[in-house]
Amino acid sequence: MLACWEAPSVELQAEPGETVLLYTDGLLHRTGDRADRAFARLHAAAAGVPRAARQDPDAVVEHVLRTVLPDGKAEADSEEDVVLLAVRFE
């Protein structure tokens, strides 16, 4: 059974054409790096999405996963969940 807890809330004002990435900490843990280095990899991957792919949230997710978790780490057996969601605002 999951323990009850309240996640901190965050408000943002997204502009048309912007994409927001939501992820679980498992994405960072699966890299095997320290948290600061793993976050830097995630940030660099998100910033490095090719311009042609930025319109497609699925392509954004694929690029970030391939960049942050190379060598099949996304499919590797692990107790860490990986959830990555790209939301594009129109």
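The values are calculated or read from the model by the stated rules, or taken from the named source; none is laboratory data. On a predicted model such as this, the values are computed, not experimentally measured, just so you know. We place every Cβ from the backbone using ideal geometry, glycine too, and count neighbours over all the protein chains shown.
Here are a few things to note about the model shown:
- When A38 is tested against (1) outside any helix (DSSP H, G or I); (2) of a type in the set (G, A, S); (3) at pLDDT 90 or above; (4) surrounded by 14 or more Cβ atoms within 10 Å (Cβ to Cβ), only condition (1) is not met.
- Scanning the stretch 1-32 for residues that are touching a helix residue (DSSP H, G or I) at 6+ places or on another chain (Cβ under 7 Å) and in a loop (DSSP other than H, G, I, E, B) yields one hit, T31.
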